[in-house]
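Trainee: Handing you a structure now.
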Amino acid sequence: MDDGRRAIKRLASDVVNRVAAGEVIHRPANAAKELVENALDAGASTIHVQAKEGGKRLLSVQDDGHGVRLDDLPLLCERHATSKIETYEDLKTCASFGFRGEALASMSYVAHVTCTTMARGAAHATRCSYADGKMDRDGAKPCAGVPGTTISVENLFFNVVTRQKALKSASEEYAKILEVLQRYAALRTDVAFTCRKQGESRTTLHAPVAESRVERLQAIYGPAVAKDLKTLEFDTATSKKKFDFKLKIDGLISGGNYHSKRTTFILFINSRLVECAPLKRACESVYAAILPKAEKPFIFMHLQLPFEDVDVNVHPTKQEVQFLHQDAIVEVIQSKVEKILLATNSTRSFTVQT
Ligand code: ADP
Ligand code: MG
């Protein structure tokens, strides 16, 4: 008798995995973020990114990091397989970007993934391809290469038509990839980054290792941003005022001569690229009040908080984090920004008076 109720069945693992992949990888830029983080985790000092059709046809990230151990290749795209943590407790002190062992697995369920890797001093590189979490049957093959790892992700969402349709044009998707790279490049001045559209010799991002963050921001965003940046530095450890939390800020924020149609708010917390809407709003409101003509600022901010104050495991994309003392921290930052802007404002009006 059909009473409208259906039996509960366990989903087949390939269905589970494809559903889970959708949480981590929404578009090429998410894949770019994961691949760049893996490259940084591997100790890369140079990262080259190439994209074809905005990363929809191909996204490849080449690094000169320590490479993947050959024994590890069969596990590379297996879900929940990672070399970065072993116990749940490790999360408390986890300094690597990765820890979920999910990114490459996710990509392999919704795209064709190929890895070419070579350890320093090895006689040759090794290449293998992956589908649905597993290495292709033909296994790993020796090939020519350079030390480091290149991961290529081709035909993203070839098997998820709805996702494919939800993607924007190639140029919009490319812009999102570029934005991710620019942000990591802003943080890691010690690593060289390039990004280009495949087949074009001109790079859209060319950021050689830089001496200072201002120099780096100039290479990424050009002189319009770099020439009007104020330093925002703060450390509760050296502050005269006493705080009941620990916080260190390393930031650069635009002044009154920077004009843009939209805010650029780049936030890292303990080196993780995250979003924090209340903090962004708080900063924007200070600009609107003090520098109404420059109310859409450029802000780069790296907050360092004790590991135990930050929960990085809020969302699979790790885009959001939760941290303790959020309201108080937003308030501190707001008052620092205010102080800097008031100072620039008074120098400006002073110049006008004389
Ligand atoms: P996670 O970064 O969370 O460990 P990933 O799926 O991103 O998970 O990567 C799985 C594993 O593959 C990593 O733990 C690492 O050992 C290895 N790996 C991935 N990318 C690279 C790379 N570019 N260089 C060296 N090893 C890598
Ligand atoms: Mg990773």
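The values are calculated or read from the model by the stated rules, or taken from the named source; none is laboratory data. From a predicted model like this one, the values you see are computed outputs, not experimental measurements. Every residue, glycine among them, receives a Cβ derived from its backbone with ideal geometry; neighbour counts consider all protein chains shown.
Trainee: Which one of the conditions (1) in contact (Cβ under 8 Å) with a residue 40 or more places away in the chain; (2) surrounded by 14 or more Cβ atoms within 10 Å (Cβ to Cβ); (3) in a loop (DSSP other than H, G, I, E, B) does ASP190 fail to meet, given that it meets all the rest?
Mentor: Failed condition: (2).
Trainee: Output yes when any residue across region 257-264 is touching a Leu at 6+ places or on another chain (Cβ under 7 Å) and surrounded by 14 or more Cβ atoms within 10 Å (Cβ to Cβ), and no when none is.
Mentor: no
Trainee: Next question. Which residues, counting only those in region 86-122, are in contact (Cβ under 8 Å) with a residue 40 or more places away in the chain, touching a Ser or Thr at 6+ places or on another chain (Cβ under 6 Å) and under 23 Å from PHE158 (Cβ atoms)?
Mentor: Selection gives THR114 alone.
This table checks each residue for (1) out of contact with any Cys (no Cβ under 9 Å at 6 or more places or on another chain); (2) away from ligand 1 (no atom under 12 Å from the Cβ); (3) of a type in the set (Val, Ile, Thr); (4) outside the structural domain of ALA122 (by TED's automatic domain parsing).
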| residue | (1), (2), (3), (4) |
| --- | --- |
| ASN17 | yes, yes, no, no |
| ALA31 | yes, no, no, no |
| LEU35 | yes, no, no, no |
| ALA42 | yes, no, no, no |
| ASP63 | yes, no, no, no |
| HIS66 | yes, no, no, no |
| LYS84 | no, no, no, no |
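Trainee: Among the candidates THR194, THR189, THR204, THR231, single out the residue that is among the polar types (S, T, N, Q) and under 22 Å from LEU341 (Cα atoms).
Mentor: Only one candidate passes the filter, namely THR231.
Trainee: Report yes if ASN38 is within 16 Å of ligand 2 (Cβ to nearest atom) and out of contact with any strand residue (DSSP E or B) (no Cβ under 9 Å at 6 or more places or on another chain), otherwise no.
Mentor: Working: within 16 Å of ligand 2 (Cβ to nearest atom): yes; out of contact with any strand residue (DSSP E or B) (no Cβ under 9 Å at 6 or more places or on another chain): no.
It is false that ASN38 is within 16 Å of ligand 2 (Cβ to nearest atom) and out of contact with any strand residue (DSSP E or B) (no Cβ under 9 Å at 6 or more places or on another chain).
Trainee: Same structure again: Within region 43-93, can you find the residues that are over 26 Å from ARG27 (Cβ atoms), within 16 Å of ligand 2 (Cβ to nearest atom) and outside any helix (DSSP H, G or I)?
Mentor: If the condition is that a residue be over 26 Å from ARG27 (Cβ atoms), within 16 Å of ligand 2 (Cβ to nearest atom) and outside any helix (DSSP H, G or I), then GLY43, HIS66, GLY67, ARG69, SER83, ILE85, GLU86 are the ones that fit.
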